[in-house]
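Reviewing the structure listed below.
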Amino acid sequence: TRLRPSGAQGPLVVSLDGFRRYQQEDAWTWEHMALTRARPVFGSDAARKATADIIADVLNGARPERDIAEDATRMRMEMAAHKHPSGPLDVKLLDGGLVDLEFTVQLLQLTHRTGFDPELGGAIDALIGKGLLPEDMRAAHDFLARLLVTMRLVAPDCAEPSPATQKLLAQAVGAESWSTVVASLDATRQEVRKCWAAVRREPIDGD
């Protein structure tokens with residue numbers, strides 16, 4: 001409920017016409033980035049279809065023309081300045097982690113108006129199929145996501161885990177040892193950083 005159509009202090013519920021008007025005329029880049037993950041989950045068939053149609057229209061270009069790469073870069077910098085990684089193994093917020101991967105995917109989706117899938121893994125597959133992402137980004141996503149979920153269960157402080165927990169984490173991501181996990185994390189972050197740096201130089205939201 002924090003991501004409301006008219007801001008944090010706005011109403012929890014809006015009409016479809018209000019939603020369409022806001023998304024097509026007033027919403028900011030970060031709201032359109034969030035919209036790439038949106039999917040109707042409740043309501044009549046007609047209501048869900050109408051909502052999905054609005055989302056599709058907006059994502060496919062019925063929105064204000066903005067410098068998406070500049071906006072996304074600025075947002076990521078602000079996030080990094082105000083929301084620091086909680087530990088050395090915070091695979092979500094670390095440079096080259098899941099947030100950078102998601103920003104990469106969403107920037108490509110909005111710029112090229114393709115690859116829309118509310119599931120991040122599916123969106124990555126679609127962008128790979130279009131030749132917009134290297135194939136290893138799906139493996140990067142799966143590794144980071146699995147490590148994130150497991151860390152939250154057994155080492156939520158994102159600090160160096162105990163030997164027993166290290167073994168469990170290695171098993172969870174299919175690695176031979178903890179040292180392999182650390183090496184894989186370093187390599188994966190490097191590849192994600194490379195992709196994030198590359199897409200920021202893409203042409204901006206135009207044909």
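The values are calculated or read from the model by the stated rules, or taken from the named source; none is laboratory data. As the structure is a prediction and not an experimental result, all values here were calculated from the model. Backbone-built Cβ (ideal geometry, glycine too); neighbour counts: all protein chains shown. The area values use the complete protein model at the heavy-atom level, side chains included, leaving out ligands, DNA and RNA. Shrake-Rupley method; radii C 1.70, N 1.55, O 1.52, S 1.80 Å.
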The chain, Kirkwood Rh and Cα Rg, ratio Rg/Rh at 1.01
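Let me know the longest stretch in the chain that avoids all GluC sites (Glu not before Pro) found in a DSSP loop with at most 14 other C-beta atoms within 10 Å.
Longest run free of exposed loop sites: 1-64.
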Largest first, how would Ser44, Ser177 line up by accessible area (1.4 Å probe)?
-> Ser44, Ser177
Quick one: net charge of Gln24's neighbours, Cβ under 14 Å, K/R +1, D/E -1?
-> -3
Sequence order, the range 10-16: Karplus ³J(HN,Hα) from phi using 6.51 cos²θ - 1.76 cosθ + 1.60, θ = phi - 60°, Hz rounded, Gly and Pro as x, gives x, x, 6, 10, 9, 6, 4
Semi-axes of the equivalent ellipsoid for the range 1-119, Cα gyration tensor, largest first, Å | 27, 16, 15
Heavy-atom accessible area of the range 22-71 with neighbours in place, 1.4 angstrom probe: carbon+sulfur share in percent works out to 52
Rounded to the nearest whole Å², what accessible area per residue is found for the chain with the 1.4 Å probe?
-> 55
Rounded to the nearest whole number, the Stokes-Einstein translational diffusion coefficient of the range 141-207 at 20 °C and 1.002 mPa s (Kirkwood radius, C-alpha pairs) in µm²/s is 160
Excluding ligands and nucleic acids, what accessible area in Å² is computed for Leu133 using a 1.4 Å probe, to the nearest 10?
-> 10
For the chain, find the longest principal axis of its Cα atoms and tell me its angle to the long axis of helix 120-129, 0 to 90°, nearest 10.
-> 80
Name the most mobile residue of Val14, Val173, Val58, meaning the one with the largest mean-square fluctuation, in a Gaussian network model of the chain with Cα contacts below 10 Å.
-> Val14
